[in-house]
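See below for the structure under consideration.
The values are calculated or read from the model by the stated rules, or taken from the named source; none is laboratory data. Just so you know, these numbers come straight off a predicted model, no measurement behind them. Reconstructed Cβ throughout: ideal geometry from the backbone, glycine too, with neighbour counts over all protein chains shown. For accessibility, only protein heavy atoms count, side chains too; no ligands or nucleic acids. Shrake-Rupley method; radii C 1.70, N 1.55, O 1.52, S 1.80 Å.
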Amino acid sequence: LAELEERWPQQHRLLRTVLEVGAQIELRELLRKLNLSDSPARSLARRGYVVIERVEVQSDELSGGASDRSRPEALTAAQQLAVDTLLKPLEAREHAGFLLEGVTGSGKTEVYLAAIERALELGRGAIVLVPEIALTPQTVGWVRSRFGDVAVLHSRMTDAQRLDMWRRVRHGDARVVVGARSAIFAPVQDLGVIVVDEEHEPSFK
């Protein structure tokens, strides 16, 4: 690093950032964040300081990971009332729309998850829509922590990634879909629940 700092400052910034990350990172995203061309990266690779490789990716950083969100021992009375109300038309296979109101932290997510869980028990699927792509990882983490596999659909995915997810949903390999607005078109088999999270957001209108 000291050698690079004086003579090749761009390479120095790039290598320092890679060391700080301490893991694989997408080259294009890294160069965009640092506002650099790919020339410093190629130079570092030629000198053996970094390795640039092509990998086939099935998902991306917005797909989220597991979450430590634990299942509550019991729902509150208000949550249980909401869940019971939602489940009646679901179990009767009737269409119904509900507006679930509550301040942040009031436990709305547990109500969503309980409804999705029941839909899955009935052999049906679910779609969870979020207003912004940036919210996708958090939501995916919640859903994945409760149900395991989840399909993710949003506009920052490549065509190949979207096709892979679409096929998994179409074939029933993933029965819960999380994504931004276009995820409403996911071919979920026997769709039972659609959650429009933060439905007041202008992007949904």
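Just to be sure before I move on: is Ala174 over 17 Å from Leu122 (Cα atoms) and out of contact with any Leu (no Cβ under 6 Å at 6 or more places or on another chain) in the structure I sent?
Details: over 17 Å from Leu122 (Cα atoms): no; out of contact with any Leu (no Cβ under 6 Å at 6 or more places or on another chain): yes.
In short, no.
Which condition does Gln79 not pass, out of (1) farther than 21 Å from Glu199 by Cα; (2) open to solvent by less than 70 Å² (accessible area, probe 1.4 Å), if it passes all the others?
Failing condition for Gln79: (1).
State yes or no: is Val143 open to solvent by less than 60 Å² (accessible area, probe 1.4 Å), modelled with pLDDT of 95 or more and either of a type in the set (Phe, Trp, Tyr) or within 24 Å of Leu75 (Cβ to Cβ) (or both)? Even if it seems obvious, please write down each step before you answer.
Details: open to solvent by less than 60 Å² (accessible area, probe 1.4 Å): yes; modelled with pLDDT of 95 or more: no; either of a type in the set (Phe, Trp, Tyr) or within 24 Å of Leu75 (Cβ to Cβ) (or both): yes.
No: the conditions fail for Val143.
For region 147-169, indicate whether the set of residues that are open to solvent by 60 Å² or more (accessible area, probe 1.4 Å) and within 23 Å of Pro89 (Cα to Cα) is non-empty. Steps first, answer last, please.
If we filter region 147-169 for residues that are open to solvent by 60 Å² or more (accessible area, probe 1.4 Å), which is where we start, we get 149, 155-156, 158-160, 162-163, 166-167.
Filter once more, so that each one left must be within 23 Å of Pro89 (Cα to Cα): none.
Within region 147-169, none of the residues are open to solvent by 60 Å² or more (accessible area, probe 1.4 Å) and within 23 Å of Pro89 (Cα to Cα).
Condition first: outside any loop (DSSP other than H, G, I, E, B) and surrounded by fewer than 14 Cβ atoms within 10 Å (Cβ to Cβ). Can you find one or more residues in region 173-187 that meet it?
Start the filter on region 173-187 by keeping residues that are outside any loop (DSSP other than H, G, I, E, B), which leaves 176-179, 181-185.
Imposing the further condition that a residue be surrounded by fewer than 14 Cβ atoms within 10 Å (Cβ to Cβ) reduces the set to 182, 185.
Checking region 173-187: at least one residue is outside any loop (DSSP other than H, G, I, E, B) and surrounded by fewer than 14 Cβ atoms within 10 Å (Cβ to Cβ).
Pick from Leu135, Leu100, Leu90, Leu129: which is on the phi < 0 side of the Ramachandran plot, open to solvent by 30 Å² or more (accessible area, probe 1.4 Å) and at pLDDT 90 or above?
Values: Leu135 fails: at pLDDT 90 or above; Leu90 fails: open to solvent by 30 Å² or more (accessible area, probe 1.4 Å); Leu129 fails: open to solvent by 30 Å² or more (accessible area, probe 1.4 Å).
Only one candidate passes the filter, namely Leu100.
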